[in-house]
1. Taking a cut-off of 17 Å, what percent of all Cα-Cα pairs in the range 88-183 are separated by more than that?
2. Using a 1.4 angstrom probe and counting only protein chains, how large is the accessible area of SER94 in Å², to 10?
3. Of LYS65/LYS144; LYS64/LYS159; LYS64/LYS144; LYS10/LYS100; LYS42/LYS100; LYS10/LYS64, which sit over 23 Å apart, Cα to Cα?
4. Let me cross-check ARG111: its accessible surface, 1.4 Å probe, with only protein heavy atoms counted, in Å² to the nearest 10?
Amino acid sequence: PGDNQGSEIKPYPYVLVDGVAVNEETFKALDPNKIESVNVLKDESATAIYGEKGKNGVILIATKKENSKEESKTAGNQKSESSAVFTVVEDMPSFPGGDKERVKFFSDNLRIPSESIEGTVYVSFIVRADGSIANAKILRGIGKSYDEEVLRVINLMPKWLPGTQNGEAVDVLFNLPVMFSKK
């Protein structure tokens, strides 16, 4: 204690709050009382989904939605088919066959646009409770032709294994980086 000579600076993890990347200051300023759940990814699970950005681990934070307790009370015994879209759930949705099959699906179906550039297209979409894909949109792109190609392939994907919360299949917002590199 009090001796910082031997202390090592640890690399900072990639932090996403409600699916949006935040810097260290924003993360530290987050009100703990507004956090609904925290999910930590490390090693291969972090780099498989987030690439180089996940090498120091990934922290996924879902914040509480305003009036969520009141909404769930008024929903009563209704099925939550179109109500809540989760960002983090007990069991996250997965591509049939896992990450390796998803990567294979992308490499088999992506048509690289003629102008050769490197970069990562960040896309988000909802994996519905039935496994279908909905509301795909580009969060951060690298160019119109690349962005449109990623959306085309996202919309070609087969049904996923849905995410579950409390044993029930639910709609989950899923963020996915798609990396392009020159070969």
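1. In whole percent, the long-distance tail amounts to 50.
2. Approximately 40 Å² of SER94 is accessible to the 1.4 Å probe.
3. LYS65/LYS144; LYS64/LYS159; LYS64/LYS144; LYS10/LYS100; LYS10/LYS64
4. Ignoring ligands and nucleic acids, ARG111 comes out at about 150 Å².
The values are calculated or read from the model by the stated rules, or taken from the named source; none is laboratory data. None of these values were measured; they are calculated from a predicted model. SASA here: full protein model, heavy atoms, side chains in, ligands and nucleic acids out. Shrake-Rupley method; radii C 1.70, N 1.55, O 1.52, S 1.80 Å.
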